[in-house]
Amino acid sequence: MQKLTLTGHCATAPVPRSRIYCPALDGLTPRQADLSFVMPRMDHNRALRETANQGDWASILASDPFGSTSAFFSRLKELGYRGVANWPSSILLEGILKETMATIPATPEFEYDVLASAQRAGLGAMAFFLSLQQARAAMQAGIKRLVLHPGLLVSEGGIAPDMVLGSLQRLINALKSEAETVEVLVYTSAWHERSLPLSTLTADGVIWFGDAP
């Protein structure tokens, strides 16, 4: 099973290759990290362009309207990154905010198209998704490594954990039945695990926010 770490911490050598480097997450808690897309903390992609050797993966702001994606991808390869992921991501947006951001455009479908262009540039691609519809859009764009995000969680109450886990497992199973070659990883953290043990789902791997236990 694959085990990767999503982090905004800039490490010194030797840097584990199993890291997904996302500078906008530096200093955030797992709960805050889910809101990183709407937290204007920094020029995220510029920070990536200026930081080398932080693992195999760079987590990009795929809806960044500035700059050339081809030049950006070339730079990431020069810095030693082997693949990209769409985080911070618009997958969690809902309602009026979702409609407003779509004019940028900032939509999951747009992000998946950017990831597909990264693949054409010779990088790997990893697509975060929340729903079956989003996962299918990513697969239609040609992405075969998907990351299931559980959505915004509350610390107490809500639907019983076993019901949520059952629903997520059925989603994973549905994707695997539709496309045998697709890889589905699950995103979690120590905070998530206390209320919803996502790491117990049957999947191809786990992506931990911060240091994995």
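The values are calculated or read from the model by the stated rules, or taken from the named source; none is laboratory data. Treat the numbers as computed from the prediction; the structure is a model and nothing was measured. We place every Cβ from the backbone using ideal geometry, glycine too, and count neighbours over all the protein chains shown. We work out accessible area using only protein heavy atoms, side chains counted, and drop any ligands, DNA or RNA first. Shrake-Rupley method; radii C 1.70, N 1.55, O 1.52, S 1.80 Å.
Out of T103, T29, one residue alone is of a type in the set (S, T, N, Q) and at pLDDT 80 or above. It is T29. Looking at T7, is it of a type in the set (S, T, Y) and either without any contact (Cβ under 8 Å) to a residue 24 or more places away in the chain or farther than 23 Å from V186 by Cβ (or both)? So T7 fails the test.
If you take the residues in segment 12-26 that are at pLDDT 90 or above and of a type in the set (A, V, I, L, M), which one is farthest from T188 (Cα to Cα)?
V15
Can you list the strands (runs of 3 or more DSSP E) lying wholly within segment 17-92 that have 3 or more residues being open to solvent by 70 Å² or more (accessible area, probe 1.4 Å)? It would help to see each step written out before you state the result.
Details: elements: 19-21, 57-60, 83-86.
The strands (runs of 3 or more DSSP E) meeting that bar number zero.
If you check S70, S74, S63, which single one turns out to be of a type in the set (G, A, S), in contact (Cβ under 8 Å) with a residue 12 or more places away in the chain and touching a strand residue (DSSP E or B) at 6+ places or on another chain (Cβ under 9 Å)?
Working: S70 fails: touching a strand residue (DSSP E or B) at 6+ places or on another chain (Cβ under 9 Å); S74 fails: touching a strand residue (DSSP E or B) at 6+ places or on another chain (Cβ under 9 Å).
After applying the criteria, what remains is S63.
Against the definition (under 23 Å from A125 (Cα atoms), surrounded by 12 or more Cβ atoms within 10 Å (Cβ to Cβ) and either hydrophobic (A, V, I, L, M, F, W, C) or touching a residue at least 24 places away in the same chain (Cβ under 8 Å) (or both)), how does S189 come out, yes or no? Answer is yes for this residue. Applying the condition of being in contact (Cβ under 8 Å) with a residue 24 or more places away in the chain and open to solvent by 10 Å² or more (accessible area, probe 1.4 Å) to segment 177-186 and asking which residue is nearest to A125 (Cα to Cα) yields E183.
From the residues in segment 193-208 that are modelled with pLDDT under 95 and over 14 Å from L168 (Cα atoms), which one is most open to solvent (accessible area, probe 1.4 Å)? The extreme case among them is R194.
Considering segment 111-213, the qualifying strands (runs of 3 or more DSSP E), each wholly inside and each with 2 or more residues that are among the hydrophobic types (A, V, I, L, M, F, W, C) and closer than 30 Å to F66 by Cβ, run over 124-129, 145-148, 205-209.
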